[in-house]
Each structure stands twice: as C-alpha cells, then as structure tokens.
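The values are calculated or read from the model by the stated rules, or taken from the named source; none is laboratory data. None of the values given here were measured: they were computed from a predicted structure. With ideal geometry, Cβ positions are generated from the backbone for all residues, glycine too; neighbour counts draw on all protein chains shown.
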Amino acid sequence: MENQFLLLPGPTQIPNRVLQAANQPMISHRSGTFKDIFGQVTENAKRIFCTKNDLLILTCSGTAGLEASVVNFLNSGDKVIVASTGNFGRRYRDIAEAHGMDIDYIEFPMGKAVDPAVIAEKLAADTEQKIKAIIIQQHETSTGVYNPLDKISAARGNHPALLLVDAVSGLGACPLKTDEWGLDVVVTSSQKALMVPPGLCLVTVSQRAWAAAANNHNHKFYLDLSKAKKYADDRQTPFTPAVSLVYALDEAVNMLNEQGIDNVIAEHYFRRDAIRASIKALGLKPVADDQVAGGAVTAVYCPEGITAAEITGIMREKYDTVIAGGMGDIKKTSFRIAHLGFVRDMDLIAAIGALELALYELGYKFELGTGVGACQKVIIEKRKVFTDRD
Ligand SMILES: Cc1ncc(COP(=O)(O)O)c(C=O)c1O
C-alpha cells in the first residue's frame, strides 16, 4: 500500500521513532518488563496533561473514554450541563443521554467558543447545587475552536460540579493544565497529537472525581475506572492491553517531553498561523474566529459552488494528500486541514500546494502560489530565515 500524506484530525502521521518502538517482540502483559514500561509511560504521560492526578491508559478509542467519564462519575438521572460548540459536543451529549442524564444542552454559534459567563450564570442559579457536571470539549474538531477551559473552570466558583473534558483532539495541540485549572476528568486518545496509531485512550481523574465514583451505581464492566486504577497502581491493566501501542506511546511521550509540552503547543499554534494565513491569502474563510482558533485543526469554508468532497477527492486521488471533509451542518460546505501531531514545515507547504492544485482544477479563481507564498512567509518569520544579503 502506498504511503498517504495524512493531514487528518486522526489518525495522524507516525514518526519513525514511534513506528519502530511499536515494532518490537511481543511480551506478556503480566511480566515485569511490561510493568516497567507501563509504569514509566503512565508517569511520563502525566507531564503532557500537566497533572499529578491518576492517569489510566485503556485499550479503546476516545469515545469509550468519554463514555467512561460519564458512567463512572455521574449517576443516571444526574443533572449536567453539556456546553457544545459543534459535532463532538453533540456526541458527548448523546453519550450522556444514552446513560440517562438530565441534560441542559447549550450550543454556541458556529465558529465561536463556549462563553464562560453563560456557565457561571447557570451555576449561580443552581442554588441547590443539583448540577453534577459540566461536560465540554477542549477543542471542537468539527470547527477548530478551542474552548477557554481555564475560564470555564473558574466560572464554577464554589459550585461543586465536576468538569469533564473531551481533550481527544486538543491534548498536546492546545493549552491544557489539568491541575492548575482544576479539570476533574480529561480524556484523550492515541491517534491525534500523541502521534500513536489508534487504539489507546488516556484518562486523568482528580480526587474529587474519585469521590464521586465512590457513590456511583451505574452498571459497568470493561469501562470500570476504579478497577483500572486498582491495576494501574500495580503498573498493570485489568484486561489484555494493546502491548505494541503501549511501546509506541512510551516513545511518543518521550519525544514530546524531550521537546517540552509548552514548546510542542507553541509549534502547533505556529502551524495554525501558517495555515490560516495561507487560507486567507487564497480568499477563503476559516470557520473558527481568529481569537478562538486552536492549534489542532483549521476548518475552512469551501468557495461558492465547490463541495468539500470535490476538494478532498482531488487532493487524495491525485496528490496523495488526505485532509478531512466537513462535519455536521457544514459537512459539504467546509473542509478541514489538521496540523496536529507530527507535522513539519514542508508538510504545511505541501498541503497548501495540493489544495491550490485542487482549487485550480475546480475552477476557483486565484493566482497560483498565493497560499504557498503566504505559508512560506510565516515560516520565514518563525524560523528567522535570512537571505545572504541580510
Ligand atoms: C473532540 C473529539 N472527541 C471525540 C472523538 C472520538 O474519538 P475516537 O474516534 O477515538 O473514538 C474525536 C475524534 O475525532 C474528537 O475529535
């Protein structure tokens, strides 16, 4: 199979170091060797979440981790606020609904972030403190919007509602300080900014969330996080883990920690700037407002009369460049260039180059090279590239 150039919001490109780490002989998941690796990666991954909370590594996709956050820390019938900015907000709502929560669903306008004042108002009005949790995305993958989790957490004041965070596409690409911001449960999965193949999910749990788990009566088995914690304390998992992915995660986490998580996130925002500059130079409009655009994905409205499937199809079939179509209400009218995980400067230029070729073929009027030039300018600025004459 030919290598495809992936600029998807997952699975993302895997660095060779990580691929090679995954490609090692199988060992028993009950062996001391596995325990050493599992214990090490669990501790090291906490640095990516900026936390000392418990971190559980599960073999499942991100959605299962989100479901675990609902079934372990909330009881069926509990009142919750779901603050949504798009498709994945709706998915978190659907999970809460499937488990019988009493949901106050608030959807913010397309391209905008969650307004902390709205959350503060809802909680202030809840004098009996019936609201048990606020459920939210760190980064909404359908629009590329980053939600200000620090302000949303602060909006709780003294209200005891837990903050459950879907950081599936944002962790490692957008800011997230679990302990400093008091985030109770944070969920991510391996195939995004962590640069690992799909199959692992990472969940952090605060002491407040464990206290809620102690009073939890929902049916659960595979997703029982108290059981996962009991085993994790002994550097194991209750069931057979994806051993090769744990090797891969260990290496990827090392790579991220070598660079430092703040630097990793700064790089993602530089990529965001390069892609947004290119898009705007081409006369296209990003979905997310400038002030709330995250570092993981740039969603872009298609030009009038051209569909997302036409653009993504040409890029994929002719140029082996795989970007994502739109989601939800803007499925046909937007496309998404993901720049999370392992993405280099030349990848940005190549992506915009392939986009230009597709737009040109589809009859969109612009000067070839405009987007690529804008991208190069942001790179020159960032990397401090000088000409011989400087
Ligand atoms: C914000 C967000 N939440 C949840 C998911 C679902 O994760 P998974 O596909 O790993 O179940 C995704 C996947 O793209 C996502 O971007």
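Consider region 1-28 and keep the residues that are among the aliphatic types (A, V, I, L, M) and over 26 Å from HIS339 (Cα atoms). The one that is surrounded by the fewest Cβ atoms within 10 Å (Cβ to Cβ) is MET26. Scanning region 286-296 finds no residues that are more than 19 Å from the chain's Cα centre (by Cα) and closer than 24 Å to GLY86 by Cβ. Looking across region 330-350, the residues that are surrounded by 24 or more Cβ atoms within 10 Å (Cβ to Cβ) and either hydroxyl-bearing (Ser, Thr, Tyr) or under 17 Å from GLU140 (Cβ atoms) (or both) come down to SER334, PHE335, ARG336, ILE337, ALA338, HIS339, LEU340. Among the residues of region 66-81, are any touching a residue at least 24 places away in the same chain (Cβ under 8 Å), farther than 26 Å from THR127 by Cα, under 15 Å from the mean Cα position of the chain (by Cα) and within 14 Å of the ligand (Cβ to nearest atom)? Scanning region 66-81 turns up at least one residue that is touching a residue at least 24 places away in the same chain (Cβ under 8 Å), farther than 26 Å from THR127 by Cα, under 15 Å from the mean Cα position of the chain (by Cα) and within 14 Å of the ligand (Cβ to nearest atom).
Within region 200-221, the set of residues being within 16 Å of the ligand (Cβ to nearest atom) and of a type in the set (Ser, Thr, Tyr) comprises just one member, THR204.
Considering only residues in region 200-244 that are among the β-branched types (Val, Ile, Thr) and part of a loop (DSSP other than H, G, I, E, B), the one that is surrounded by the most Cβ atoms within 10 Å (Cβ to Cβ) turns out to be THR237. For PRO197, state whether it is within 16 Å of the ligand (Cβ to nearest atom) and part of a loop (DSSP other than H, G, I, E, B). Considered against the rule, which asks whether it is within 16 Å of the ligand (Cβ to nearest atom) and part of a loop (DSSP other than H, G, I, E, B), PRO197 comes out as yes. Pull up region 42-59, narrow it to residues that are more than 12 Å from THR204 (Cβ to Cβ) and surrounded by fewer than 18 Cβ atoms within 10 Å (Cβ to Cβ), then point me to the one that is nearest to the ligand (Cβ to nearest atom). Ranking the candidates gives ASN44 first. With respect to SER31, determine if the residue is touching a residue at least 60 places away in the same chain (Cβ under 8 Å) and surrounded by fewer than 23 Cβ atoms within 10 Å (Cβ to Cβ). Answer is no for this residue. Applying a threshold of 7 Å to beta carbon distances and a minimum spacing of six or more residues, or different chains, the list of pairs starting in region 34-55 at a residue that is closer than 19 Å to ASP179 by Cβ and ending at one that is part of a loop (DSSP other than H, G, I, E, B) reads LYS46/LYS52; ILE48/GLY172; PHE49/LEU176; CYS50/LEU176; CYS50/LYS177; ASN53/SER206.
Against the test of being farther than 29 Å from VAL196 by Cα, without any contact (Cβ under 8 Å) to a residue 60 or more places away in the chain and in contact with a strand residue (DSSP E or B) (Cβ under 8 Å, 6 or more places away or on another chain), the options THR307, THR333, THR312 yield a single qualifying residue, THR333.
Test LEU8 against the criterion of being of a type outside the set (Lys, Arg), within 16 Å of the ligand (Cβ to nearest atom), out of contact with any helix residue (DSSP H, G or I) (no Cβ under 6 Å at 6 or more places or on another chain) and not assigned by TED's automatic domain parsing to the domain that holds ILE314, and give yes or no. Judged against the criteria, LEU8 is a match. Restricting region 148-199 to residues that are of a type in the set (D, E, K, R) and buried (at least 18 other Cβ atoms within 10 Å of the Cβ), the residue that is farthest from VAL82 (Cα to Cα) is LYS192. Could you tell me which residue of region 245-289 is surrounded by the fewest Cβ atoms within 10 Å (Cβ to Cβ), considering only residues that are free of Cβ contacts under 8 Å to residues at least 12 places away in the same chain and farther than 30 Å from GLY371 by Cβ? Per the criteria, the residue is GLU258. For residues that are in a helix (DSSP H, G or I) and either at positive phi or in contact (Cβ under 8 Å) with a residue 40 or more places away in the chain (or both), tally how many sit in region 355-390. Matching residues across region 355-390 total 16.
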